[in-house]
Amino acid sequence: MTIPKVLILRTAGTNCDYETHYAFEKAGAKVDVIHINILLTNRKLLKNYQILALPGGFTYGDDVSAGKILANQIKYNLGEEITTFIHEKKLILGICNGFQVLTKANLLPAFNLSRNNSTQGEHQQEATLAFNDSNKFEARWVYLKICSHKSIFIHDEHIPAIYLPVAHGEGKFIVRDESVLHKITANHQIIFKYVNERGEEAGYPWNPNGSVQNIAGICDSTGQILGMMPHPERCVEPTQHPHWTRNGLKEREDGFLIFKNAVRYVKTNF
Amino acid sequence: MYSRIEVFFKNEFPDPLGNTIRSEIETFGFPGVASVRVHQVYIIFGNVSKHDLDTIARKLFVDTVTQHYQYNGDTVSHRGVSDRSPFHIIEISRKPGVMDPAELSILKALGDIGIHVDGIKTAQKYIINGNLSRETIQTIATRVLANTKIEDVFVYPEMPDYNHGNIHYTFKKNFVPLLDADNAQMEEISRLGQLSLNLQEMQAIQGYYRSLKREPTDVELETIAQTWSEHCIHKTLKGIIDFNGNRIDNLLRNTIMKVTEELNKPWCVSVFKDNAGIIQFDDCYNICFKVETHNHPSAIEPYGGANTGVGGVIRDIMGTGLGGKPILNTDIFCFGLPDTPFDKIPKGVLHPKRIMKGVVAGVRDYGNRMGIPTSNGAVFFDERYIGNPLVFCGTVGIIPKNKCQKEARPDDLIIVVGGRTGRDGIHGATFSSVELHDRSEQISGGAVQIGNAITEKALLDTLLQARDKGLYTCITDCGAGGLSSAIGEMGEDLGAIVYLEKVPLKYEGLSYSEIWISESQERMVLAVPPEKESEILHLFKAENVEATVIGRFTRDKILRLMYNSQGVGEIEMNFLHKGIPRLERKAVWHRRVFEEPVLSEKEDYGFDVKKILSAWNVCSKEWIIRQYDHEVQGGSVLKPLQGIQNDGPGDACIITPVLGSRKGIIVSNGMNPRYGDIDPYHMAASAIDEALRQIIAVGGSLKQVALLDNFCWGNTNKPDRLGSLVMAAQACYDIALAYGTPFISGKDSLNNEFVTDKETIVIPPTLLISAISVMEDVRNAVSMDIKEPDNLIYLIGLTRAELGGSHYYHIHGYTGNNVPKVDVTLGMKIMNALSEATNQRIIRSCHDCSEGGLAVAAAEMAFAGGYGMLLNLSAIAIEGQIHRNDTLLFSESNTRFVVEVRPEHHQQFEALIKDIPYGMIGKVTGEPLLKINGLNNRLIVHENIYDLKEAWQSPLRW
């Protein structure tokens, strides 16, 4: 059995690498945190890994727009390697800033990646993560309904909802036009939606940013790439949950399941 | 030459920034704005083809889903604005030389897509739709949108021109004529040079140069001024003070530092000597903690001031030992009242609401970008902070046990790493030590700057690698005084030679003096053994962080400054660090007697409870807290907001710095300036008690608690100001010693007075006590929200008739005299008993009684938990005779806790507290009502918890 290897990609302004590292390791993976400069000078490096993770943070200060500069670096320099990575049935996870990067690099919702199409980068961007409606950075816990099991990261889960923190200023998921929305719905690519404690779709503050259709996370057409604004790596230990002093110390799967499923998938398939 | 690209939202998408600004303009008193659209403007210098501009816009600047762009268009083109209604155009950009963090990122990104440009500048264009006069628009531009100290404003038809000629610098070695100067001339030299040196100090310098038989150069005088500044050397508190006729030789050494010395705790690793205090944590790591103030810059430019305050204290941690990793931020602010009418704002002062918004944004943007959780804080409002807001920035770091000592060696290279040096922040150290007045902004605008968190984050990432590889022997941050202070300090026992022309500059035109004293942010200085030079330079290059050799440490104990092979400065380290004459100050203190209120008793105190909950100092700070990422790094165990809806006010925060480990740290703070008006001794005592009881409330113990002090006072040249500071420092000694909690670091900011043409506004004496504690097992943590109906509620500790300086008196317009005091013997017993109870895990919730007393603590616990309470005042343990319900409800007596315990644990709990005063005052109820029975056994409070919560949340729901 392979010990799954995770490459956490970092650059100036990456900052959730420590806890993402911890979560993957806890799930049984071996993790390397690697600077983009190293990957750009040695692009074959990616071959050694089965999971690529883009953690949260403010890459390059989110100057211009969130995740844009790193997205360009990936789009214009690593397009081929990423396409191969997906063709080899490997996994990519983008959390918060990572989701912004994947979206702006056209790796989400990525309708065509399953076909042999290495020019994904030149396609028109289908969706984006815009400024929160409140125009403020906000940190709060949100309930997420699992809407589809297409993503390998939540493949076998039968729980209806999970509880995770968000912390972002640019998390409003919007699409280029209605057709994109139809496509991601029809393809079951919408993985998480913001809901209230009763599991119903509701407005602010349950949907913290004004995302269209309360979308919090989507996958690509293969189910191998997942992008999400909430932070699963911040809810893998019992004491991280905001209500543990009320409800007791319980092993929490809320965030951990993402990492557990990814690692299990690699162990089974590689 | 340059081109412009403007990026703006498509009409079908909202413009969130524009919408926010529209409502902002309205709240600042300018109705009539229908809409605001914002264009992001990129100015691109160099000869860039139309094709390339198009590529740049398409590939980088525009989010094609939501935005459009135009380039080199008419500056005043106004897409997105209805042609039928009147509109106005304002363009705002940073003044030349002011940091724009986006420039560096964009240049890097343009390199990535293969397009070369000469430079980048960003600006914002506001298209304001509404029927407003040009004069109103001008006011909006300068009052709401821009800060003219750092930004240029153009209101159409005025057109921006971004062609600034470069300033060239021609070398000329400058001497200052000091040898023959008389006293008046020397004072003039100090004043004109913004040196903040007093006459006695100028005379000492004159004496030194007379012995050398030469005039000082400008850069030598600057170096001495920086090194001798109050900011760097604490000359008042370390000087000689005559206090009511008693001579105190070095107040700090006789109070704050003496506690630590006498307690001599084995877990104190490094105190009062490094950038931060260090205490032990676990087998592998120690913890370091520092709290700084950044008051004066925040008054002038709140965003930049707070921003660089946070950046600075983070660098303090990065420069502690051989470098700590920052793991938590704590930020405490003092502002004027947010509802101050505009006509009550003194000339030259920004409105408190604007200062507050700017400060919060500055802290948010730096802390969040650094990936450091901001998990603790406080805000205090008082009208006397109007001209001198206080911004306390604190950072906790974790550092490997074997990386806590540092020492530069002769022949080590001096390497400056991180950001480049510009003209920003000249004279910050000396500026921070002067009184502000209505023209301060013009004179000292240069002392204000903006930070670039991403440069600092990249620097941090790289430094920690270099540290672990052992590539340097010593490190310090460039804070106040810039290179001058950093190198002067590192080389104190060695000597150093610095080649100033080697320092990398942001732009041309800086003189050697400016290079030496510039306080440009995000820079640190390393001492690197020559054999490690290429390895360390290579490491920094790989991470795109600049590192440059600018000199080396020597062994002759002389500081030598060179510029293009010419000597421009030569000072003996001994004179620089030891030559300052001791300051002698007079201090007096007389108790001021306030009117003692006679308030008639009421049948119902519900209104008073709600009024205190709505008071600025008590009300919810959720608006601020949610803007901070308090979860990043994953260690959060007890969050700043607690309870069933995550919105109750936690007492202290707990984090686990090492994921997977149960060991945690607790951080809290205590401050109560209003008690200081009555008696600064009891104010300081209460602040310590408050910080400690918050640690106890969340499940900590007194076993290993370290304290930090931050004194912010008025002008201590005036004896009454200094007298109250002496009183506070004496309380620090008495109380901290008795509680067994050493001080490990501290800071002071004096001269917080604002001079208008009518009066001098003095801040209330403000002592911030920050506490940090190591917690063995975070699973013992207790939150403040009540948990289950039918649980018992206890009030632990003794309630006294202590309403002096209370919020209850405050809402009725009084101060009173009976200020809360601290009984340390009893306090110690109470805290130890409670720690034992949390250790046995029988406390369901606990909240300390502070502002607003029992009534406020109970209300907060109730609405945070989503249940009610039924309480009975006659069960409270009291001292002496208290016959009044209001006293019992609102007295702010120290060392008191409201505790929730399950009925099945009541015997176990009462056995633990049998030797301390307590009352079992009631229970948790399922109905959402706070019901309190008075001494007459009638309901005197009967309020729905959601009404109480609304009263508490509404004031700062911005």
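The values are calculated or read from the model by the stated rules, or taken from the named source; none is laboratory data. What you see is a predicted model; the values in this text were computed from it and never measured. Quick reminder, even Gly has a Cβ in these numbers, built from the backbone with ideal geometry, and neighbours come from all protein chains shown. In case anyone asks, the SASA skips ligands and DNA or RNA and just uses the protein heavy atoms, side chains included. Shrake-Rupley method; radii C 1.70, N 1.55, O 1.52, S 1.80 Å.
Taking the Cα centre of chain B as reference, the dipole from Cβ charges on Lys and Arg (+1) and Asp and Glu (-1) amounts to some 720 debye.
Which of A:LYS75/B:LYS457; B:LYS353/B:LYS758; B:LYS502/B:LYS747; A:LYS145/B:LYS108; B:LYS610/B:LYS639; B:LYS273/B:LYS821 have a Cα-Cα distance over 28 Å?
Values: A:LYS75/B:LYS457 24 Å; B:LYS353/B:LYS758 23 Å; B:LYS502/B:LYS747 33 Å; A:LYS145/B:LYS108 39 Å; B:LYS610/B:LYS639 25 Å; B:LYS273/B:LYS821 32 Å.
As for pairs spanning more than 28 Å Cα to Cα, those are B:LYS502/B:LYS747; A:LYS145/B:LYS108; B:LYS273/B:LYS821.
P(r) tail for chain B, what percent of Cα pairs lie past 40 Å? Walk me through the numbers before you get to the answer.
Working: 196824 of 458403 pairs.
The answer is 43 percent, as a whole percent.
Geometric descriptor of the stretch B:269-325, per residue, is 73 Å³ (volume of the convex hull of the Cα atoms). Normalised by residue count, the protein assembly as shown yields a Cα convex hull volume of 172 Å³ per residue. With contacts taken as Cα pairs under 8 Å and at least 6 residues apart, the stretch B:2-155 reaches a relative contact order of 34 percent.
Which of the pairs B:LYS258/B:LYS578; B:LYS325/B:LYS663; A:LYS172/B:LYS325 have their Cα atoms more than 29 Å apart in this structure? Don't skip to the answer; put the middle values down first.
Numbers: B:LYS258/B:LYS578 22 Å; B:LYS325/B:LYS663 17 Å; A:LYS172/B:LYS325 32 Å.
Where the Cα-Cα span goes over 29 Å, the pairs concerned are A:LYS172/B:LYS325.
Comparing each chain alone with all protein chains together (probe 1.4 Å, DNA, RNA and ligands left out), the residues of the stretch A:50-93 losing at least 30 Å² of accessible area are A:PHE58, A:TYR60, A:GLY61, A:ASP63, A:VAL64, A:LYS68, A:ILE69, A:ASN72, A:GLN73, A:TYR76.
Convex hull over the Cα atoms of chain A, averaged projected area in nm²? Could the numbers behind the result be given before it?
On the way: hull surface 52.6 nm².
The directionally averaged projection comes out at 13.2 nm².
A crude spin-label estimate for the pair A:ASN48 and B:ALA877, with each label 7 Å from Cα along the Cβ direction, gives 6.3 nm.
Structural size metrics of the stretch B:784-957, computed from C-alpha coordinates, are Rg and Dmax of 15.4, 45 Å. The alpha-carbon of B:LYS95 sits under 19 angstrom from the alpha-carbons of these lysines, leaving out residues fewer than 8 places away in its chain: B:LYS121, B:LYS125, B:LYS149, B:LYS506.
The charge dipole of the stretch B:2-155, taken about its Cα centre with unit charges on the Cβ of Lys, Arg, Asp and Glu (plus for the first two, minus for the last two), comes to roughly 100 debye. Working note: Cα atoms of the stretch A:133-207, range along each principal axis, descending, whole Å: 32, 31, 21.
Couplings 3J(HN,Hα) of the stretch B:234-243, computed from phi: 6, 5, 6, 6, 9, x, 9, 10, 9, 10 Hz, in residue order, whole Hz [Karplus 6.51 cos²θ - 1.76 cosθ + 1.60, θ = phi - 60°; x for Gly and Pro]. Highest mobility in the GNM of chain A, judged by mean-square fluctuation with C-alpha springs under 10 Å and restricted to A:GLU201, A:GLU233, A:GLU88, is found for A:GLU88. Kirkwood radius and radius of gyration were both taken over the C-alpha atoms of the stretch B:2-155, and their ratio Rg/Rh is 0.98.
In a DSSP loop and with at most 15 other Cβ atoms within 10 Å, the trypsin sites (Lys or Arg not before Pro) in the stretch B:723-788 are B:LYS758. Convex hull volume of the C-alpha atoms in the stretch B:140-236, normalised per residue: 178 Å³.
Please state the relative contact order of chain B as a whole percent: Cα pairs under 8 Å, 6+ residues apart? Display every interim value, and only then the final one.
Details: 2315 pairs, mean separation 108.3, N = 958.
Rounded, it is 11 percent for chain B.
Exposure check, 1.4 Å probe, all protein chains in place: A:TRP206 carries approximately 100 Å² of accessible surface. Comparing A:GLY210, A:ALA186, A:GLY28 along the charge dipole axis of chain A, the residue lying farthest to the positive side is A:GLY28, per the Cβ-charge model. Rolling a 1.4 Å probe over the heavy atoms of the protein chains gives the stretch B:120-256 an accessible area of 46 Å² per residue.
P(r) tail for the stretch B:182-277: Cα pairs beyond 24 Å make up 43% of the total. With one equal scatterer per alpha carbon and no solvent term, the Debye-computed log10 I(q)/I(0) for the stretch B:225-354 at 0.19 1/Å reads -1.17. Per residue, the solvent-accessible area of the stretch B:784-957 (1.4 Å probe, heavy atoms of protein chains only, all protein chains present) comes to 33 Å². In order along the stretch B:807-812, the Karplus-derived 3J(HN,Hα) couplings, from 6.51 cos²θ - 1.76 cosθ + 1.60 at θ = phi - 60°, round to 5, 4, 5, 4, 5, 9 Hz, and Gly and Pro are given as x.
Taking the Cα centre of the protein assembly as shown as origin, sum charge times position over the Cβ atoms of Lys and Arg (+1) and Asp and Glu (-1), and report the length of that vector in debye to the nearest 20.
Values: 126 positive and 145 negative charges, 417 e Å.
Approximately 2000 debye in magnitude.
Of the residues B:MET370, B:PRO352, B:HIS294, the one whose Cα sits farthest toward the positive end of the charge dipole of the stretch B:267-398, with +1 on the Cβ of Lys and Arg and -1 on the Cβ of Asp and Glu, is B:PRO352. Shown is the FRET efficiency for B:HIS51 and B:GLU508, computed with R0 = 35 Å from the Cβ-Cβ distance and rounded to the nearest 0.05: 0.70. Rounded to the nearest 100, the interface formed by chains A and B buries 5000 square angstrom of accessible surface, both chains summed, with a 1.4 Å probe. Considering only B:GLN226, B:LEU195, B:TYR208, the residue lying farthest towards the positive end of the dipole of the stretch B:183-233 is B:TYR208, judged by Cα position with unit charges set on Cβ.
Loop-located trypsin sites (Lys or Arg not before Pro) in the stretch A:186-240 (DSSP state not H, G, I, E or B) with no more than 15 neighbouring Cβ atoms inside 10 Å: A:ARG198.
Take the Kirkwood radius over Cα pairs of the stretch B:183-233, plug it into Stokes-Einstein at 20 °C and 1.002 mPa s, and you get 194 µm²/s for translational diffusion. Here each label is just a point 7 Å from Cα along the line to Cβ, and for B:ASN254 and A:ASN77 those points are 6.2 nm apart.
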